[in-house]
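Right, I'll just put the structure down here and ask away after.
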């Protein structure tokens, strides 16, 4: 009864803190703008099955992709076990989902095997991060703090798996005659060591469940928030072709007025800024992308500007957006303001103009972040609000305006190619 | 190719004046109209259309920039002005099907004009030619180039943007037998460096130009030719090959030119 009470209190605290984090994020989301409507649910489900659960884009880097996929799939089955452990804690029993029979055996067996595999991989990931020279894990936006965050997340996961194995070992030692579920790796360890892990069952259980609770509440403030957000991010992704850059409706109204001055003008229309200058100009989707990004750097790795030594890193755009939201969002909620903005204080014009809109970044992103569209949204602000485009582009604009072509040729000469 | 002959190109205004209708509009694009090198591509494709006796016309002096570069450069106002003027002309002629050579025009007309009231069936010229080859309508002179090797560079707006990877390869294969793939190809292809309005501005400070990086991918394959399917890619790769002093060894051709050559046009 003491254990149940204690567990219930801890669970309530966990849920309370998590709810607080969710409300804070919701308040930030409310500062953002509308994006596209979420339609075509069947296409979304199939994309989610494919890209998220099937890990198809992760596999574009086959070796480390395969390792990630196993960790991801392992997490799915182990999460089932975690839900069971919460029930166990509340009702004061062991293995309360065992009534599910064979399904339960399969899930528990794969969870036990995956826990072992994940430990091995996490050790590799830690070594890789600390000692191997992986170019895409470096960059201006990857600070010491980011690296600490990444390593801490790996330690969390590693110890989660270790404590799960310890719990399984303890359970097997204590229930040698009546075992619910199947635990191949743990059983093998007991056979090899002939050690009685019985006394460790309880502590394994507590460490595991407390780590889950702490980790879950750490995640909303970590780059590893992708554990929660990557699947929804894929589900809610923009389904349009990568190179379809959305229409700006506020401009459409103005252009229609210009072409037809008789058109009715709605005075009540709120005057908004063209393009993105700061966090209140981005869409909910941009902000969600920034929260879901785990900074794997696959985008920056394939960016032609970055490859050729330019300052642009697509990953940095979203890291900056998240940081700026933390800064300005918190101020706005307090009713304050500052004089900084996402453009210039975080993202330089140099970065914004270096993009070739080739969409290699968006193609590569395992969770369907769209980098070029946000970069071009910032160009919209620079061009339409500040008229500060590079000289060559201003010349191109003038040519299109005057001759209907980006180069200085007369429209009368449009058929000369055939002569 | 005989550059001196004038090609007979039907112009929409004249077709309409005669009260006639055509099946396709060929959207030439600004590069096809004005870029000295890419004019040859437009000529090649028009010759192919004439060879096939396709019912088509061009807008001629009524065509204006789709606004792609303005849009990617952040000038949505200018883009929409261009788009609405073009849509008015296209809808005025009741045009249903548009064939594009330039993938940037293709992408804009196909994906971005519908939001402004321009709804057309867009056909990229590589899909069109591939389809004609499959239907057996184009008698290509296979391997007329003495077993020369060729690679194909994917334009971003064709490949990643609109998932057209196979059609241009099928065409190149139909003539050259094989496409020697670069390491970065199809959805992993490296940009030529000209998209997103980069064509019209100086590059930001860096270690090298994107087109040089991509040209090195081409040269690595030790091919005689590199096929492209985009006017910007053509400019960037041709410049890159010149920069590397390889213009006598590697020739940059458009897919339409390859077909026109194989047809002896």
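No value in this document is a laboratory result; all are computed from the given coordinates. Quantities reported herein were computed from a predicted structural model and do not represent experimental measurements. Using ideal geometry, Cβ is built from the backbone for each residue, glycine included, and neighbour counts are taken over all protein chains shown.
Here are the criteria: (1) surrounded by 23 or more Cβ atoms within 10 Å (Cβ to Cβ); (2) more than 22 Å from residue A:300 (Cα to Cα); (3) within 13 Å of another protein chain (Cβ to nearest Cβ); (4) within 15 Å of the chain's Cα centre (by Cα). Tell me which single one residue B:235 does not satisfy.
Going through (1) surrounded by 23 or more Cβ atoms within 10 Å (Cβ to Cβ); (2) more than 22 Å from residue A:300 (Cα to Cα); (3) within 13 Å of another protein chain (Cβ to nearest Cβ); (4) within 15 Å of the chain's Cα centre (by Cα) one by one, residue B:235 breaks only (1).
While we're on this one: Yes or no: residue B:211 without any contact (Cβ under 8 Å) to a residue 40 or more places away in the chain, outside any loop (DSSP other than H, G, I, E, B), under 30 Å from residue B:139 (Cβ atoms) and in contact with a helix residue (DSSP H, G or I) (Cβ under 6 Å, 6 or more places away or on another chain)?
Values: without any contact (Cβ under 8 Å) to a residue 40 or more places away in the chain: yes; outside any loop (DSSP other than H, G, I, E, B): yes; under 30 Å from residue B:139 (Cβ atoms): no; in contact with a helix residue (DSSP H, G or I) (Cβ under 6 Å, 6 or more places away or on another chain): yes.
When the stated conditions are applied, residue B:211 does not pass them.
Within the group A:261, A:232, A:220, A:241, which residue is within 14 Å of chain B (Cβ to nearest Cβ) and either over 30 Å from residue B:103 (Cα atoms) or in contact with a helix residue (DSSP H, G or I) (Cβ under 8 Å, 6 or more places away or on another chain) (or both)?
Details: A:261 fails: within 14 Å of chain B (Cβ to nearest Cβ); A:232 fails: within 14 Å of chain B (Cβ to nearest Cβ); A:220 fails: within 14 Å of chain B (Cβ to nearest Cβ).
Of the residues listed, the single one that is within 14 Å of chain B (Cβ to nearest Cβ) and either over 30 Å from residue B:103 (Cα atoms) or in contact with a helix residue (DSSP H, G or I) (Cβ under 8 Å, 6 or more places away or on another chain) (or both) is A:241.
Being touching a helix residue (DSSP H, G or I) at 6+ places or on another chain (Cβ under 7 Å) and under 26 Å from residue A:312 (Cβ atoms) is the filter; apply it to the range B:166-187 and report the residue that is nearest to the other protein chains (Cβ to nearest Cβ). Full working, then the answer.
So the first thing to find is which residues in the range B:166-187 are touching a helix residue (DSSP H, G or I) at 6+ places or on another chain (Cβ under 7 Å), and the list is B:167-168, B:170-172, B:174-175, B:179, B:182-184, B:187.
Subset that is under 26 Å from residue A:312 (Cβ atoms): B:182-184, B:187.
Working: B:182: 14, B:183: 12, B:184: 8, B:187: 5 Å.
The extreme case among them is B:187.
Okay, next question. Does residue B:42 count as facing another protein chain (nearest Cβ under 7 Å) and more than 22 Å from residue B:260 (Cα to Cα)? Give the derivation first.
Details: facing another protein chain (nearest Cβ under 7 Å): yes; more than 22 Å from residue B:260 (Cα to Cα): no.
Here the answer is no, as residue B:42 does not meet what is asked.
Further question: Can you spot a residue in the range A:369-386 that is more than 20 Å from the chain's Cα centre (by Cα), without any contact (Cβ under 8 Å) to a residue 24 or more places away in the chain and over 29 Å from residue B:153 (Cα atoms)?
Checked the range A:369-386: at least one residue is more than 20 Å from the chain's Cα centre (by Cα), without any contact (Cβ under 8 Å) to a residue 24 or more places away in the chain and over 29 Å from residue B:153 (Cα atoms).
Table: residues versus (1) without any contact (Cβ under 8 Å) to a residue 12 or more places away in the chain; (2) over 22 Å from residue A:145 (Cα atoms); (3) within 12 Å of another protein chain (Cβ to nearest Cβ).
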residue	(1), (2), (3)
A:311	no, no, yes
A:320	no, no, no
A:328	no, no, no
A:347	no, no, no
A:354	no, yes, yes
A:362	no, yes, yes
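What do you reckon, is residue A:111 under 29 Å from the mean Cα position of the chain (by Cα), over 19 Å from residue A:7 (Cβ atoms) and surrounded by 19 or more Cβ atoms within 10 Å (Cβ to Cβ)? Spell out how you get there, then give the answer.
On the way: under 29 Å from the mean Cα position of the chain (by Cα): yes; over 19 Å from residue A:7 (Cβ atoms): yes; surrounded by 19 or more Cβ atoms within 10 Å (Cβ to Cβ): yes.
The answer is yes for residue A:111.
Still on this structure, please answer the following. Restrict the check to the range B:140-152 and report whether at least one residue is crowded, with 18+ Cβ neighbours inside 10 Å, within 14 Å of chain A (Cβ to nearest Cβ) and in contact (Cβ under 8 Å) with a residue 40 or more places away in the chain.
Scanning the range B:140-152, I find no residue that is crowded, with 18+ Cβ neighbours inside 10 Å, within 14 Å of chain A (Cβ to nearest Cβ) and in contact (Cβ under 8 Å) with a residue 40 or more places away in the chain, so the answer is no.
Kindly indicate the residue of the range B:69-102 that is at the interface with chain A (Cβ under 9 Å from one of its Cβ atoms), in a helix (DSSP H, G or I) and touching a residue at least 40 places away in the same chain (Cβ under 8 Å) and also surrounded by the fewest Cβ atoms within 10 Å (Cβ to Cβ) among those meeting that condition.
My answer is B:72.
From A:251, A:231, grab the single residue that is over 12 Å from the mean Cα position of the chain (by Cα), surrounded by 17 or more Cβ atoms within 10 Å (Cβ to Cβ) and either in contact (Cβ under 8 Å) with a residue 12 or more places away in the chain or in a helix (DSSP H, G or I) (or both). Talk me through it step by step, then tell me what you get.
On the way: A:231 fails: over 12 Å from the mean Cα position of the chain (by Cα).
Within the list A:251, A:231, the selection yields A:251.
Yes/no matrix, rows are residues, columns are (1) buried (at least 21 other Cβ atoms within 10 Å of the Cβ); (2) more than 9 Å from chain A (Cβ to nearest Cβ); (3) touching a helix residue (DSSP H, G or I) at 6+ places or on another chain (Cβ under 7 Å):
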residue	(1), (2), (3)
B:119	no, yes, no
B:136	no, yes, no
B:154	yes, yes, yes
B:163	no, no, no
B:198	yes, no, no
